[in-house]
Each structure stands twice: as C-alpha cells, then as structure tokens.
Amino acid sequence: MTDEPFRIRAAAPEDAAAVAHVHIASREVTMPYLPPRRRSDAEVVAWVRDIVMRRAAVWVAVDRGGAVVGYAAVEDDTLDALYLLAGVLRQGIGSALLAAAKAYRPGGLTLAVFQKNTGARAFYARHGFTVVDSNDGSRNMENEPDLTMRWQPVTNSTGTDG
C-alpha cells in the first residue's frame, strides 16, 4: 500500500464493522474497569453505521495491509471518539487522528474522558487539552466519573507562557 506504517483517511460506510471492532477491542483492553458490555457486536456495528457515521466526521487509521487500526469521530465541536487497537499504541497514530480532528475543528474541541483513564488524560494534556469540568458519572451510561477537557488553539489574542 505505502511505505508509511499507517495512513489517515476519511471513513467510508464499508468501514463500519472495522470501526466497531476497534471500538470494542480498545475499550475491553484499555478500560477494564468498565462494566460488562450490554451491546452485541452486531448492535455496535449498527450504531457505528447508522449513528456515528451519519452524524459525525469520522477518520480511520489504516495500516500497511489496509486494516483499520484506529478511528476518531467529531460531531459539532466534540471529539466523540478516539480509539486505537492496543497493539498500535504509541506509534503516532492517535496523534495523527487527533491532528485530523483539530484540522476539522480549528476553533477548538471538547471531549469527555473517564477519570480512571489516566493514559488518555495524559495524551490529551500533551496535545493541549485542559480540564474544564468534572462529573460523578451520572452523565454517561457507564456511570464512571468523567472529565470534560477542551482544546482551544493559540491565537494572536491568546496569552501564552512562552
């Protein structure tokens, strides 16, 4: 396909099952504290196909062999999802997906992250997101305490430390 280890592209409808697989596998491996999944694989595929891909801008990370190894979804100014397969973490794929999301919403992005997801929290902080709100878990279906984080681009009118 290419000499690059991965590439980012817009998701296509035929990617729905692969995106659902990344979503399920990533959550199971990286967030073992979540309650057992209530939706079947087929229900997650239908959710991705009928809701996520229709409402959001979605990008996929594809490896050399053409397999989807990660995805990001932005609806309005919210980064609704950024998931990677565990085997491709720390290879720049999450950063590349986040860069696509930031380019799509250059005015800023908001996201929710579980408080226990310290790896994701650190990743977003490295990419300029700051905590703007916290919650006891009553606003998500997992009932897990979460944080709202926001990235606001630096502009000429934005003060900086440097």
Being loosely packed, with under 13 Cβ neighbours inside 10 Å and under 17 Å from residue 12 (Cβ atoms) narrows it down to one residue among 54, 90, 49; which is it? 54
Residue list for the stretch 105-157, restricted to those being part of a helix (DSSP H, G or I) and exposed (fewer than 15 other Cβ atoms within 10 Å of the Cβ): 118, 119, 122, 125, 126
Output yes when any residue across the stretch 83-104 is in a strand (DSSP E or B) and under 20 Å from residue 21 (Cα atoms), and no when none is. yes
Pairs needed: first member in the stretch 84-104, closer than 12 Å to residue 57 by Cα; second member anywhere, at pLDDT 95 or above and among the aromatic types (Phe, Trp, Tyr); C-beta distance under 8 Å; at least 6 residues apart or different chains. 97/59; 97/71; 100/59; 101/59; 102/151
Looking at the stretch 16-36, I want the residues that are among the aromatic types (Phe, Trp, Tyr) and have a partner that is part of a loop (DSSP other than H, G, I, E, B) with Cβ atoms under 7 Å, at least 6 apart or on another chain. Which pairs are those? 33/116
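The values are calculated or read from the model by the stated rules, or taken from the named source; none is laboratory data. Please read all numbers here as calculations on a predicted model, not as lab measurements. Note that each Cβ is placed from the backbone with ideal geometry, even for glycine, and that neighbours are counted across all protein chains shown.
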